[in-house]
């Protein structure tokens, strides 16, 4: 690649080559507002992050939004399983010309598509962020509307997770009342707060035991992070410790679908209503181009510090 090329151009060139292998003519793109990109993060595993991603996707789709879910936990992919789906092919196969974009993008419940993250089985090497951005570019270049991109990040503050969070417009941090959860969530926020592109964090209390428990977790985390300059924490709500959520997970369904009247389903519908009101990108143009550029730029900045 040209060392002087803009990172979005690098991703676009690869993405265009992917599409050229699959379609006889260039596909047109409709102009419109950019999709809202939300990275769902947690300081450690076991917080229920992937359950949040799947249920939020369904709740947003029920509000009429077209949702694309990216499973960015490349070594422990679980999003497809939440919907009872079996991935067929992965991103490396698309880059090698062995699969088409349409073959790796899974159709979930109405209004939801998933880019599955079953890459870990292919070996310990990790996919380059430019290549991942190229896949997003190629998927988004197929003329279909995307209103919200949800990114299920790997737990913790490692480099790959931080890159995705830097590129997203909003970061939703799930935290629960378990040993180490608050501490690791604060470390994640501290790592991201050094980046001017990530000044706002939305905090979601997970597995809460009462209506005030989520707010209490938020206040504890806010106090831990109050010395961070430029970082602002917002309370996004809470998801209760609900048996219906566990039952739905065992059945490879979301609680929003399986138990619509449960406390868990109501919590995710409330969260979707709040998310739907969050600020959207105001640049003119269309689709996810701004995210591809931010993703590639974030990775390039990270590598320059190593």
Go through the residues of segment 205-221 one by one and say whether even a single one is at pLDDT 75 or above, closer than 22 Å to residue 149 by Cβ and either in contact with a strand residue (DSSP E or B) (Cβ under 7 Å, 6 or more places away or on another chain) or part of a helix (DSSP H, G or I) (or both). yes
Taking segment 66-76 as the search range and keeping residues that are under 21 Å from residue 37 (Cα atoms) and surrounded by fewer than 22 Cβ atoms within 10 Å (Cβ to Cβ), which one is modelled with the highest pLDDT? 66
State whether the residues of segment 206-228 include one that is surrounded by 21 or more Cβ atoms within 10 Å (Cβ to Cβ), closer than 16 Å to residue 38 by Cα, touching a residue at least 12 places away in the same chain (Cβ under 8 Å) and under 18 Å from the mean Cα position of the chain (by Cα). no
Given (1) touching a residue at least 12 places away in the same chain (Cβ under 8 Å); (2) surrounded by fewer than 20 Cβ atoms within 10 Å (Cβ to Cβ); (3) more than 20 Å from residue 78 (Cβ to Cβ), where does residue 178 come up short, assuming only one miss? (3)
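The values are calculated or read from the model by the stated rules, or taken from the named source; none is laboratory data. Just so we're clear, the structure is a prediction, and the values are computed from it rather than from any experiment. Here Cβ is always computed from backbone atoms with ideal geometry, including for glycine, and neighbour counts include all displayed protein chains.
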